[in-house]
Each structure stands twice: as C-alpha cells, then as structure tokens.
Amino acid sequence: RLVFNYAEEEMAIIGEEAFMAPVDSTETTVGLFTSDDLGFATLDLGLRFDRIERDGFIAEMHHDDEEHHEEREDEEHEDDHHDDHHGEEMVFEPQSYKEDAFSIAAMLTRDLNDYATVSLGLSSVSKTPSAIELFMNGEHLATNRYEVGDVTLDTERADGIDLTFSFERNGWYGRASVY
C-alpha cells in the first residue's frame, strides 16, 4: 500500500488569551506499507517520509529607550496610576521552520507451532515539533504560566527493539514482550 497525504493548516489563538500569532503549516507525507510471507516468517514493513513547513511569528517585547522610560515614570507618579506595560511594545518577528523526517518500522513474525508465535520488531520513528511547540509565546491565562516556543527545536527520534512471544490455545492466551 502506498499512501500520499498533503495537509494545510492555519492555527491561531485569538481573543483574550492571544498568546500565539497565526501559523501556516503544510505537511506532505509519503508512506509505504507492505506485508509479505517469506516462507519461514512474515515480514511487515512501514516506511514514511514527511516534509514539514511552518511559517509564523514570535512575539517579542521591545522596551523604549531609558530616557523615554524615565519621562514615563515621572508621569506615572504624578497621576498615581501604574501600568506594567508602559514603554513596552509587542513586536512580531517572522520565523520559518522546515524539516524533512524519515521513519521506518519492521516486524518479523514466525509461528513456532499451531498455538505459539514469536515476533521481532525494529523501529526508528521521527516526530517534528508542532506549531505550538515552535511558536507559542505569551501568557497562558488558563494555566497561569508564560509559555515560550522555540523555532530551533530539533526533530525527535525514537529507536526501538521489541521481542514478543504469543500463545493461544483452547480459549487461553498470553503474551510477553521485552523491549
């Protein structure tokens, strides 16, 4: 089976908790999945290639120069009204993230007899950062924390090996895995 997937997404958090500017994402995936009886065992194989592109903005707080800030402090003391954001301006800097990722998984399964099997699985799987992990930047009121994305995050990779023994006979079954 050959699979092709193309997805476009625009994500934004707007309103009172606007702590992430809009992010446009495109994801292109090509996958191959196959199963074949090799005579001595069955081989299941999956391959996947992903191309991820995300374009968004990181919000940065810019402060006025110190001389201008001192004038504002004098004004604040005069009218006895303090605003924590005087002299600060939110500036949105455009950022892009592009990454290619490859994943593979294979499992070899062999029947030991009529009611017992053994399987050996090998995998190396990639995960690219989500739009939120890359571009989040601001106060999240519901969780009462300040969240900051990072457009320099790398793709995560998980490598695995597992060995599984299965048994089924007369309504009884069991499975044990080591990984």
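The values are calculated or read from the model by the stated rules, or taken from the named source; none is laboratory data. If you're wondering where the values come from, they're calculated on a predicted model, not measured in any experiment. No Cβ is skipped: glycine too gets one built from the backbone with ideal geometry, and neighbour counts run over all protein chains shown. Heads up: the accessible areas ignore ligands, DNA and RNA and are worked out on the full protein's heavy atoms, side chains in. Shrake-Rupley method; radii C 1.70, N 1.55, O 1.52, S 1.80 Å.
Return yes or no: is Ile104 open to solvent by less than 100 Å² (accessible area, probe 1.4 Å), in a strand (DSSP E or B) and free of Cβ contacts under 8 Å to residues at least 60 places away in the same chain?
The answer is yes for Ile104.
Of the residues Leu141, Leu134, only one is surrounded by 15 or more Cβ atoms within 10 Å (Cβ to Cβ) and touching a residue at least 40 places away in the same chain (Cβ under 8 Å); which?
Result: Leu134 is the single residue among Leu141, Leu134 that is surrounded by 15 or more Cβ atoms within 10 Å (Cβ to Cβ) and touching a residue at least 40 places away in the same chain (Cβ under 8 Å).
For the stretch 168-179, name all the residues that are open to solvent by 90 Å² or more (accessible area, probe 1.4 Å) and assigned to a strand (DSSP E or B).
Glu168, Arg169, Trp172, Tyr173, Arg175, Val178 - these are the residues of the stretch 168-179 that are open to solvent by 90 Å² or more (accessible area, probe 1.4 Å) and assigned to a strand (DSSP E or B).
Identify, please: which residue in the stretch 1-19 is closer than 20 Å to Ala142 by Cα and out of contact with any helix residue (DSSP H, G or I) (no Cβ under 6 Å at 6 or more places or on another chain) and is, among those, least open to solvent (accessible area, probe 1.4 Å)? Walk me through how you get there before you give the answer.
Going through the stretch 1-19, the residues closer than 20 Å to Ala142 by Cα turn out to be 11-19.
Those left that are additionally out of contact with any helix residue (DSSP H, G or I) (no Cβ under 6 Å at 6 or more places or on another chain): 12-19.
Details: Ala12: 46, Ile13: 45, Ile14: 142, Gly15: 60, Glu16: 174, Glu17: 56, Ala18: 68, Phe19: 13 Å².
Only one residue fits best here, namely Phe19.
Output the residue which, of all residues in the stretch 20-44 that are of a type in the set (Ser, Thr, Tyr) and closer than 15 Å to Met107 by Cα, is least open to solvent (accessible area, probe 1.4 Å). Show your work before the answer.
Filtering the stretch 20-44 down to residues of a type in the set (Ser, Thr, Tyr) leaves 25-26, 28-29, 34-35, 42.
Retained after the next criterion (residues that are closer than 15 Å to Met107 by Cα): 34-35, 42.
Values: Thr34: 66, Ser35: 76, Thr42: 50 Å².
Looking at the filtered set, the residue picked out is Thr42.
Give me the residue from the stretch 107-131 that is among the β-branched types (Val, Ile, Thr) and closer than 30 Å to Arg54 by Cα and, out of that set, least open to solvent (accessible area, probe 1.4 Å).
So the residue we want is Thr128.
If you take the residues in the stretch 144-163 that are out of contact with any Leu (no Cβ under 8 Å at 6 or more places or on another chain) and not in a loop (DSSP other than H, G, I, E, B), which one is least open to solvent (accessible area, probe 1.4 Å)? Outline the logic, then answer.
First, the residues of the stretch 144-163 that are out of contact with any Leu (no Cβ under 8 Å at 6 or more places or on another chain): 144-148, 152, 154-159.
Restricting the remaining residues to those that are not in a loop (DSSP other than H, G, I, E, B) gives 145-148, 156-159.
Values: Arg145: 134, Tyr146: 138, Glu147: 37, Val148: 102, Glu156: 106, Arg157: 124, Ala158: 60, Asp159: 115 Å².
Among those residues, the one meeting the criterion is Glu147.
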